[in-house]
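Below: the structure, in structure tokens.
The values are calculated or read from the model by the stated rules, or taken from the named source; none is laboratory data. What you see is a predicted model, and the numbers here were worked out from it, not measured in a lab. Using ideal geometry, Cβ is built from the backbone for each residue, glycine included, and neighbour counts are taken over all protein chains shown. Accessible surface is based on the protein model in full, side chains and every heavy atom, while ligands, DNA and RNA are left aside. Shrake-Rupley method; radii C 1.70, N 1.55, O 1.52, S 1.80 Å.
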Amino acid sequence: MASLLIRNGRVITADSDSVCDILVEGETIVAIGKNLPVQADEIIDATGKLVMPGGIDPHVHLDMPFMGTFSSDTHETGTRAALHGGTTTVIDFVLQKQGHSLREALTEWQGRATGTAVGDYSFHMAVTDFNPSTKEEIKDMVAEGITSFKTFMAYKGALMIDDAQMVGLMQEVKKHGGLVTAHATNGDMIDTLIAQHRAAGKLTPRYHYLSQPEVTEAEASGRFADIANYTGVNSYIVHLTCEGALNQVRRATERNQRVFVETCIQYLLLDASLYGDDFEGAKWVMSPPLREKKDQTTLWAGINQGLVQVVGTDHCPFMWEQKKMGADDFSKIPNGHPAIEHRMELLFSEGVMKGRISPQKFVEVTSTNAAKIFGMFPRKGTISIGADADLILIDPRKKHTISAETHHMNCDYSGYEGWELTGKIDTVLLRGQVAVDAGETRVSKGYGRFIRRGRVQF
């Protein structure tokens, strides 16, 4: 069994910070200590580097069918790009087709991911047609390590379920110890506003943003929290973007309810001023859309207050040619943008290096909390004896610039072109193997493994 020793790194977890050594044998961490008196097959000198748990991105869409096309990153290209950015595990969304079973959907996604993923992965099950047959499948999914179930409160006729189905799903998932997540926006209101803008000939990307005002997210977030409170199920709001929605979560805490919250890196750093009157704004057409500066302030505060537990990406990239499907009508622009590779370094540079969050909070929101919420802790999300050796080494002072010319995502533009960052992830280990070193991929297609998940451990 091969061994690897990381010496003299500043090892940071969600609750610790010390200079020490880490010994890895095979896929796991077997010893942690100061000046470990051991030999190893490979030694990495981490002097001056930060050593942290590999990132977990619980919100990605790889090879996803959407609006007549597919997101442009496959499980191979997407997980490889994730590794280059320090994310060692992703959770992708399996989308049930209406009129079809959860099993059929899972088989389809397994066919895309098995033997192709470079990094580790798991699945959420998106339930788009909750009926008596689907209800019977919930326990089977949980037994197979898929313990989180996504609902859409928008995209009527394709992905959306109504409140009656939501109640039924929550009751069944609670029975089996799972978690229900929600894309919490008011689909009916959004559809009405889209129709009004189109009828008025207002067709540029800016009207995508204006069709989804803050109230559409705040209302749905409150409604989701209310239904979850009634059913008692573990609940999680994905990609929360704004003050109004987070205030609904604050309100829920007043009745002693816990609602987990995820935001995404783009909502912390980008704002709606990018939606001009030309088509360039299509790069940032996603749902929910980018918000206002005051919402960024709220989200950073929410992280430090513990109201926002996770920073993901909602990575759903499309080539520019695909975005041009909506050149004459914003409602036909495929929703999503590329971010899987840059989440960790963006948050480190803009968060830790600028004093907005502590290094420990960085580890919490990029790795540990997702591992706990989605039933992978302590195998993932921490540096401890017995854990998978998923580790990243960061040079905290190294500067670099984001560009589509150098990123590894299968996307021909970047939402962060020209951003200069401080802090570079130099080395990434996945289950004890050096996966990325100095910009070179060192593991191959198929190295990624499906991670069976358990119950919430938060």
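Taken over region 189-212, residues that are open to solvent by 70 Å² or more (accessible area, probe 1.4 Å), part of a helix (DSSP H, G or I) and more than 16 Å from R291 (Cβ to Cβ) amount to 5. Could you figure out which of (1) out of contact with any helix residue (DSSP H, G or I) (no Cβ under 9 Å at 6 or more places or on another chain); (2) not in a helix (DSSP H, G or I) isn't true of A105? Among (1) out of contact with any helix residue (DSSP H, G or I) (no Cβ under 9 Å at 6 or more places or on another chain); (2) not in a helix (DSSP H, G or I), the lone unmet condition for A105 is (2).
Among the residues of region 213-247, those that are in contact (Cβ under 8 Å) with a residue 24 or more places away in the chain, outside any helix (DSSP H, G or I) and open to solvent by 20 Å² or more (accessible area, probe 1.4 Å) comprise G232, N234.
Scanning region 139-167 for residues that are buried (at least 18 other Cβ atoms within 10 Å of the Cβ), under 22 Å from V456 (Cα atoms) and either small (G, A, S) or over 23 Å from the mean Cα position of the chain (by Cα) (or both) turns up just one, S148.
Taken as a whole, the condition of being over 27 Å from M319 (Cα atoms), of a type in the set (S, T, Y) and not in a loop (DSSP other than H, G, I, E, B) applies to S367. Reported count of residues in region 84-109, each being open to solvent by less than 10 Å² (accessible area, probe 1.4 Å) and either under 16 Å from the mean Cα position of the chain (by Cα) or of a type in the set (F, W, Y) (or both), is 11. Taking region 395-431 as the region of interest, how many residues are part of a strand (DSSP E or B), touching a Ser or Thr at 6+ places or on another chain (Cβ under 9 Å) and either β-branched (V, I, T) or modelled with pLDDT under 95 (or both)? Qualifying residue count for the region: 2. If you check A81, A46 for being aliphatic (A, V, I, L, M), open to solvent by less than 10 Å² (accessible area, probe 1.4 Å) and closer than 22 Å to V285 by Cα, only one passes: A81.
Please work out if Y267 is open to solvent by less than 10 Å² (accessible area, probe 1.4 Å), part of a helix (DSSP H, G or I) and among the aromatic types (F, W, Y). So Y267 passes the test. Is it the case, given these coordinates, that D314 is crowded, with 22+ Cβ neighbours inside 10 Å and under 24 Å from I194 (Cβ atoms)? Yes: the conditions hold for D314. In region 354-362, the count of residues that are free of Cβ contacts under 8 Å to residues at least 60 places away in the same chain, surrounded by fewer than 24 Cβ atoms within 10 Å (Cβ to Cβ), touching a Leu at 6+ places or on another chain (Cβ under 8 Å) and in a helix (DSSP H, G or I) is zero. Looking at the structure I just gave you, is K323 of a type in the set (D, E, K, R), closer than 22 Å to T69 by Cβ and over 16 Å from the mean Cα position of the chain (by Cα)? Taking the combined requirement at face value, the residue satisfies it. Residues considered: G386, G375. Of these, the only one that is assigned to a loop (DSSP other than H, G, I, E, B), open to solvent by 20 Å² or more (accessible area, probe 1.4 Å), on the phi > 0 side of the Ramachandran plot and not polar (S, T, N, Q) is G386.
Annotation note: Cβ proximity below 6 Å between a residue of region 443-456 that is in a loop (DSSP other than H, G, I, E, B) and a residue that is open to solvent by 60 Å² or more (accessible area, probe 1.4 Å) (sequence gap 6+ or interchain) occurs for V443/Q433.
Residue-wise test of (1) surrounded by fewer than 23 Cβ atoms within 10 Å (Cβ to Cβ); (2) over 21 Å from G187 (Cα atoms); (3) out of contact with any Gly (no Cβ under 8 Å at 6 or more places or on another chain).
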| position | (1), (2), (3) |
| --- | --- |
| R250 | yes, yes, yes |
| E254 | yes, yes, yes |
| F260 | no, yes, yes |
| A282 | no, no, no |
| K324 | yes, yes, yes |
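The residues of region 135-176 that are among the β-branched types (V, I, T) and in a loop (DSSP other than H, G, I, E, B), listed by number, are I146, T147, I161.
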